[in-house]
Amino acid sequence: MQRIGVLTSGGDAPGMNAAIRAVVRKAIYHGMEVIGIKRGFAGFIEGDMEPMQVGSVADIIQRGGTILRTARSEEFTTRAGRARAYANVERFGLQGLVVIGGDGSFEGARRFHEEYGLPVVCIPGTIDNDIPGTDMTIGFDTAVNNAVDAINKIRDTATSHERLFIVEVMGRNTGFIALEAGLAGGAESILLPELPFSVEEVCDRLMRGYRRGKLHSVIVVAEGAASGLEIGRQIKQITGFDTKVTVLGHLQRGGTPTAQDRILGSRLGALAVELLRKGHRQLAVGVRNGRVGGFALEQFLQGKKMIDLEAYRLAGILSI
Ligand code: ATP
């Protein structure tokens, strides 16, 4: 294989730059050429593509976001859109493609491979960690650490003012960020979309803590479980506690990637190139039990990843 393309698609995630850097440098190390495709499938369709050199990825490993930029492309979901993209495969002489993104991007890559046979390897990059088939996605660790940083700061003022703080975190319809940030941040309660919860029970816990002298509490709410504002309103109504709500939003997504995300991006990017070199035609790379590997793409597209129930129970025990 002589020339491959690389693109980032869907939501940006910190650590994507490390993955791009690894794809480019590993490929060049093996004497291959890399074409960078800008703005995901949108740039693929429009031919917004250019050759990348070793220097194109210099000084990016520590930067959040993605230097190739990203987009959502409605047109790529149509056959006509994908046909336009294939014309650029021919024009640029691509023999393989690395797609870094979430499950939607993986589905687009799968369809494209099925229609045109271009070998593809997908790399999971999303802060939500909601891709089955891999224990970890690029960007998740940074998002969790950003949320924990925010909880730490909120905790300082919660302690000083004897207040109850509700922190709403991202994760779309999953609770991976909420669970890990809640556990690491010592939250009194964690509300997840995957598990039923009752506000009355949350209030009972709060009251129990209050009776034995607890001065402050932090409750982490996943955006997919409920609105933090609404939970705050209900708790205030039931307990009468002064309740402050913080919605972290995109703060969780930005900033410099953690070492773990940079290492994960580096390893997965290099592995993707290695698998294309070896002649694999349709795979995704990921982490299972601490080891990176290449797996059937279908395994990343089917079923729903479950949160770690043991971690959830532990958080409950430790926050009594
Ligand atoms: P994130 O998890 O961060 O949102 P994502 O990759 O899941 O990332 P999507 O917006 O779902 O984000 O998908 C990215 C792009 O992938 C879409 O804009 C579209 O171009 C392409 N795509 C998604 N679903 C399909 C599909 N069924 N067929 C073809 N292309 C698709």
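The values are calculated or read from the model by the stated rules, or taken from the named source; none is laboratory data. This structure is a prediction, so every number in the text was calculated from the model and none was measured. We place every Cβ from the backbone using ideal geometry, glycine too, and count neighbours over all the protein chains shown.
Tabulated results
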| quantity | calculated |
| --- | --- |
| The one condition in (1) within 11 Å of the ligand (Cβ to nearest atom); (2) touching a residue at least 60 places away in the same chain (Cβ under 8 Å); (3) not in a loop (DSSP other than H, G, I, E, B) that residue 85 fails to fulfil | (2) |
| Test result for residue 175, within 16 Å of the ligand (Cβ to nearest atom), outside the structural domain of residue 270 (by TED's automatic domain parsing) and over 22 Å from residue 256 (Cα atoms) | yes |
| Which numbered condition residue 73 misses (of (1) buried (at least 17 other Cβ atoms within 10 Å of the Cβ); (2) more than 23 Å from residue 264 (Cβ to Cβ); (3) away from the ligand (no atom under 13 Å from the Cβ)) | (3) |
| Residues located in region 104-123, provided they are buried (at least 21 other Cβ atoms within 10 Å of the Cβ) and near the ligand (Cβ under 9 Å from one of its atoms) | 105, 106, 108, 109, 112 |
| Test: residue in region 46-62 that is within 14 Å of the ligand (Cβ to nearest atom), small (Gly, Ala, Ser), modelled with pLDDT of 95 or more and touching a strand residue (DSSP E or B) at 6+ places or on another chain (Cβ under 9 Å) | no |
| Number of the exception - residue 269 against (1) in contact (Cβ under 8 Å) with a residue 12 or more places away in the chain; (2) over 23 Å from the mean Cα position of the chain (by Cα) | (2) |
| Number of the exception - residue 127 against (1) in a loop (DSSP other than H, G, I, E, B); (2) within 16 Å of the ligand (Cβ to nearest atom); (3) over 24 Å from the mean Cα position of the chain (by Cα); (4) in contact (Cβ under 8 Å) with a residue 40 or more places away in the chain | (3) |
| Every residue from region 215-238 that is more than 21 Å from residue 194 (Cβ to Cβ) and in contact with a Lys or Arg (Cβ under 7 Å, 6 or more places away or on another chain) | 216 |
| Residue pairs meeting the criteria (Cβ under 6 Å; at least 6 apart or on separate chains; first within 11 Å of residue 15 (Cα to Cα) and assigned by TED's automatic domain parsing to the domain that holds residue 29, in region 51-79; second within 16 Å of the ligand (Cβ to nearest atom) and among the acidic types (Asp, Glu)) | 65/12; 66/12 |
| Strands (runs of 3 or more DSSP E) contained entirely in region 189-297, each with at least 1 residues that are surrounded by fewer than 21 Cβ atoms within 10 Å (Cβ to Cβ) | 243-247, 282-288, 291-296 |
